[in-house]
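The values are calculated or read from the model by the stated rules, or taken from the named source; none is laboratory data. For clarity, every value in this text was computed on a predicted model and none was experimentally measured. Using ideal geometry, Cβ is built from the backbone for each residue, glycine included, and neighbour counts are taken over all protein chains shown. Side chains are part of the model used for accessible areas, which takes the heavy atoms of the whole protein and leaves out ligands, DNA and RNA. Shrake-Rupley method; radii C 1.70, N 1.55, O 1.52, S 1.80 Å.
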Amino acid sequence: MVLILFGCGVVAQVVAGGALTDPAGGLGDHDSISWAWGLAVTLGVYVAARLSGAHLNPAVTVALAAFKGFPWRKVVPYALAQTAGAFVAALLVRWNYTEALAKADPGHTIKTQFVFSTLPANGNTALPVHEWGAFRDQVIGTAILLLLIMALTDLLNNPPGANLAPFVIGLVVVAIGMAFGTNAGYAINPARDFGPRLASFVTGYGGAWRDQYGNFYFWVPIVAPLIGGLLGAALYKVFIGRFLPTAEAEPPGRVPASAD
């Protein structure tokens, strides 16, 4: 919920606010969106980490179940909770920006749909990215996310100290947004996309399930991140994790000795 309050909130501010001051509308300040999403992840993790581990993302939950021993029986309840939190937060953003969204886009069309859910090429028809290009993008982006989450939370590696891991993971999301944000809006999280998409649909966005080309698109940011998360976690496990020493802990601040 915290993730989406700040994430969808910043997109609503940039898109709706920008449309009111700029007749061309448009995405506006991409950097502010990237930074706010990263801070949203950081704040969400700090809120929920002690209680649940603060996965915030079904792709993270599935990858941790596959590679880190998280109980499989908790995967579906976690994913449902993550999606429910995203849904409620999106309803709050939708309510709060009622007037601005109505002014910017009276028909509640694709023009402001991406306040809530992602679209190929951020809804820009000038960029020829369709479902499979977006699918590829989401696999790659989520693989990067999980590879880095695995690295930053592995106690056998060299993780951030002083409870700074949530902050650094937030920076990872900022970096992904700045480097991989064009093709598909870097959902990299099935709950982040489906929960707000459903909230927009029940509040007047009748085309929420389709992209700007009229094709069903909602499945892309659900399926692709799940695949990408498993891929990224596997890459970490195969190429990094299995080579880390386990016999004894290294002193804080030291680079772990070679496995051989």
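With viscosity set to 0.692 mPa s at 37 °C, what whole-number translational diffusion coefficient in µm²/s follows for region 1-116 from Stokes-Einstein and a Kirkwood radius over Cα pairs?
214
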Run the quick spin-label model on Asn163 and Trp132: label points 7 Å from Cα toward the beta carbon, then report their separation in nm to one decimal. 4.8
Using protein chains only and a probe of 1.4 angstrom, how many square angstrom of Ile227 are accessible, to the nearest 10? 80
Accessible area (Å², 1.4 Å probe, nearest 10) - His108: 40
At q = 0.11, 0.15, 0.18 Å⁻¹, what is the log10 ratio I(q)/I(0) for the chain, with the Debye formula run over Cα points and no solvent? -0.58, -1.02, -1.42
Stokes-Einstein diffusion coefficient for region 68-107 at 25 °C in a medium of 0.890 mPa s, Rh from the Kirkwood formula over Cα pairs: what value in µm²/s? 198
What value, in deg cm²/dmol to 500, does the helix sum -39500 (n - 2.57) over DSSP H runs of n ≥ 4 give at 222 nm once divided by the residues of the chain? -20000 deg cm²/dmol
Taking placed amide H atoms and a strict 5 Å upper bound, the residues 5 or more places from Arg210 or on another chain that come that close are Tyr217
Candidate lysines - alpha carbon under 16 Å from Lys237, same-chain residues fewer than 8 apart omitted: Lys68
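Using only the alpha carbons of region 138-248, what is the convex hull's orientation-averaged projected area in square nanometres?
It is 8.4 nm².
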Roughly how many percent of the accessible protein surface of region 45-175 is carbon and sulfur, given a 1.4 Å probe and a whole-percent answer? 68
Let me check I've understood the local charge: for Cys8, count other residues with C-beta under 11 angstrom from its C-beta, Lys and Arg +1, Asp and Glu -1. What total comes out? +2
Which FRET efficiency, nearest 0.05, do Val223 and Thr153 yield, Cβ-Cβ r, R0 30 Å? 0.75
Would you list Thr153, Thr83, Thr182 from the most to the least accessible area, probe 1.4 Å? Thr182, Thr153, Thr83
Quick one: what does P(r) look like for region 43-188 with 5 Å bins over all Cα pairs, in whole %? 2, 8, 14, 18, 19, 17, 11, 6, 3, 1, 0
Thr109 to Val47: FRET efficiency via 1/(1 + (r/R0)^6), r the Cβ-Cβ distance, R0 41 Å, to the nearest 0.05? 0.75
Rounded to the nearest 10, the angle in degrees between the Cα long axis of helix 30-52 and the longest principal axis of the Cα atoms of the chain comes to 50
Once both axes come from the Cα atoms, what is the angle between helix 165-180 and the longest principal axis of the chain, in degrees from 0 to 90, rounded to 10? 50
Cα-based Kirkwood hydrodynamic radius, region 86-128, one decimal, Å: 11.3
What is the distance, in nm, between label points placed 7 Å from the Cα along the Cα-to-Cβ direction at Thr98 and at Leu80? 3.1
